[in-house]
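Visitor: I have a structure here, written as structure tokens, and I will follow up with some questions on it.
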Amino acid sequence: MGRQFEPVWAHSFKFLPKYAQILDLIHGGDCMKRIFAAVLGLALLTSIVPATAASKAQNEWATTHKIVYVGLTPKDQPNFWTENETDTTTATSDGAMLAFAKETVANTIAFWKQNSRGKMKFATSKFFIGKAGTATERCDSSADVKAAMKIAGLKSVPIGTHIVVVNVYDTCGYAGLGAFGGNSVNLRSFGTTTLIHELGHNFGYYHSSAMYCKNSDFKKFNATNCSVDEYGDFRDLMGNDEWCPDTTLSATQRATIFHTPLAKSVKIGAELTLDVSNMSTDRIIYEFGYKGNWYFFEYYVPSVNRCMSFSSILYAPQIQVRMIGPAWTVAKGNSVGPILIVRSDSDLPTSVVNVDPEMLPRDLTLTGFLEGESFQLPGAPYTLTVKSTGSTSAVFTLAKN
Ligand SMILES: [Zn+2]
């Protein structure tokens, strides 16, 4: 239960370029959707603490996490993990693939330590290599996990331990598979991004999503007028950002799952200061709840922490609004998490969107709200006004209509 299918995060997949072009999104079934809806419904009542017992246990700061990494080995490539690249002048004990795998685990642990602000603890990781023939062509994640446990000598998986099993011959068509609050990860693509992302599911994270309503009109806020892109938040690895050293999670994701930082409550009518959402300040996120919907405000300055290469983002300081709820947004995807509100600049007057005419083509996606803008929250009679956007902080108000 609770299994989640994944796209291939091809960019970090250095060693097996033949898979690099696979970009298929295979979504989980209705079972997944129902589980998610139940979890989210409960979560909203309890300050968005993950509601399942398993995810709670995996999320307690007292839990020391441990990665037990098992590489299954193809029958026809018995040295898959142990072979060293030719013409290496320095002798290494690990083969190139195993060394790469160890590097991805180290990067992944560094990422999650950073994004929990050092609260998450990890024990020393363990690595095991299965004998030739253990990586078989099949789509059977639980059989691969069982094989991995046997290879690692584990009869059961203790709380905090995450079995990561790599089967490069997996035929399911996804790059990785994690489980909400779970304790195993299946990988076919064993790059860093995939591992970070799948472990994120084990830690209770859903996808960083985005939402667009026709003509950028969020007053018509319903399932027919609006669409949800499950992976659409460009900002982080639970969405669709590229891997790079500075990649973080959105403050909203961190606040809703790790409570680092704690979101501050919006005081209606007051001028509120938001700092750029980096790791060094707590004044980076505000939350506002209205009739089961939750709204999150954070400040994003592209030049400071921009960490992706595609051009559909307006390059301007902006207050981003993410929301959780209503139910129909969740129904648009199998594991929709916080949803970033996006608009198309072609829907808006040029007085609002002052785009450089040389910056063609137009029709950019706006991922936030610019200085001087007002925006009525979808699903709530409250208006956001962006008063100012400075180099490190912005001022906004939320007022009742
Ligand atoms: Zn995922």
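The values are calculated or read from the model by the stated rules, or taken from the named source; none is laboratory data. Everything quoted here is computed from the prediction, not taken from an experiment. Cβ coordinates were reconstructed from backbone atoms using ideal geometry, including for glycine residues, and neighbour counts include every protein chain displayed.
Visitor: Name the residue, out of Y169, Y205, Y231, Y174, that is under 23 Å from the mean Cα position of the chain (by Cα), modelled with pLDDT of 90 or more and among the aromatic types (F, W, Y). Quick ask: steps written out before the conclusion?
Guide: Details: Y169 fails: under 23 Å from the mean Cα position of the chain (by Cα); Y231 fails: modelled with pLDDT of 90 or more; Y174 fails: modelled with pLDDT of 90 or more.
Within the list Y169, Y205, Y231, Y174, the selection yields Y205.
Visitor: Check every one of the strands (runs of 3 or more DSSP E) wholly within the stretch 147-237 and list those with 2 or more residues that are in the same structural domain as D345 (by TED's automatic domain parsing).
Guide: Working: elements: 161-166, 176-179, 184-187, 207-213, 226-229.
Answer list for the stretch 147-237: 207-213, 226-229.
Visitor: Considering only residues that are under 21 Å from P302 (Cα atoms) and within 12 Å of the ligand (Cβ to nearest atom), look in the stretch 208-232 and name the one that is surrounded by the fewest Cβ atoms within 10 Å (Cβ to Cβ).
Guide: Y231
Visitor: Continuing with the same structure: Do the conditions hold for G181, that is, is it of a type in the set (G, A, S) and under 25 Å from F296 (Cα atoms)? Talk me through it step by step, then tell me what you get.
Guide: Details: of a type in the set (G, A, S): yes; under 25 Å from F296 (Cα atoms): yes.
Yes; evaluated as a whole, the condition is true for this residue.
Visitor: Residues T256, T247: which one is within 14 Å of the chain's Cα centre (by Cα), within 26 Å of T397 (Cβ to Cβ) and not basic (K, R)?
Guide: Just one listed residue meets the conditions, T256.
Visitor: Go through the stretch 142-198 and give me each residue that's more than 16 Å from the ligand (Cβ to nearest atom), within 20 Å of T104 (Cα to Cα) and β-branched (V, I, T).
Guide: Hits for the stretch 142-198 are V145, T161, I163, V165, V166, V168.
Visitor: Let me ask you something else. Can you name every residue in the stretch 251-288 that is within 15 Å of the ligand (Cβ to nearest atom) and at pLDDT 90 or above? Quick ask: steps written out before the conclusion?
Guide: Let us first name the residues in the stretch 251-288 that are within 15 Å of the ligand (Cβ to nearest atom), namely 253, 257.
Once the filter is applied, which keeps residues that are within 15 Å of the ligand (Cβ to nearest atom) and at pLDDT 90 or above, the stretch 251-288 yields only Q253.
Visitor: What pairs come out if I take residues in the stretch 140-152 that are at positive phi and pair them with residues that are surrounded by fewer than 20 Cβ atoms within 10 Å (Cβ to Cβ) and among the hydroxyl-bearing types (S, T, Y) whose C-beta lies under 9 Å away, six or more apart or interchain?
Guide: none
Visitor: Can you find even one residue in the stretch 70-83 that is buried (at least 18 other Cβ atoms within 10 Å of the Cβ) and either modelled with pLDDT under 50 or assigned to a helix (DSSP H, G or I) (or both)?
Guide: No: the stretch 70-83 contains no residue that is buried (at least 18 other Cβ atoms within 10 Å of the Cβ) and either modelled with pLDDT under 50 or assigned to a helix (DSSP H, G or I) (or both).
Visitor: Restricting attention to the stretch 101-128, which residues are among the basic types (K, R), in a helix (DSSP H, G or I) and over 20 Å from the mean Cα position of the chain (by Cα)? Working first, answer last.
Guide: Our first condition is that a residue be among the basic types (K, R); within the stretch 101-128, this holds for 102, 113, 117, 119, 121, 126.
Checking the rest, the ones that are also in a helix (DSSP H, G or I) come to 102, 113.
Selection gives K102 alone.
Visitor: Separate question: Can you work out which of the residues in the stretch 301-343 that are within 16 Å of the ligand (Cβ to nearest atom) and in a loop (DSSP other than H, G, I, E, B) is modelled with the highest pLDDT?
Guide: In this case the residue turns out to be S335.
Visitor: Moving to a separate point now. Take T134 and decide whether it is surrounded by 20 or more Cβ atoms within 10 Å (Cβ to Cβ), polar (S, T, N, Q) and more than 16 Å from the ligand (Cβ to nearest atom). Break it down into steps so the answer makes sense when it comes.
Guide: Details: surrounded by 20 or more Cβ atoms within 10 Å (Cβ to Cβ): yes; polar (S, T, N, Q): yes; more than 16 Å from the ligand (Cβ to nearest atom): yes.
For T134, the condition - surrounded by 20 or more Cβ atoms within 10 Å (Cβ to Cβ), polar (S, T, N, Q) and more than 16 Å from the ligand (Cβ to nearest atom) - is met.
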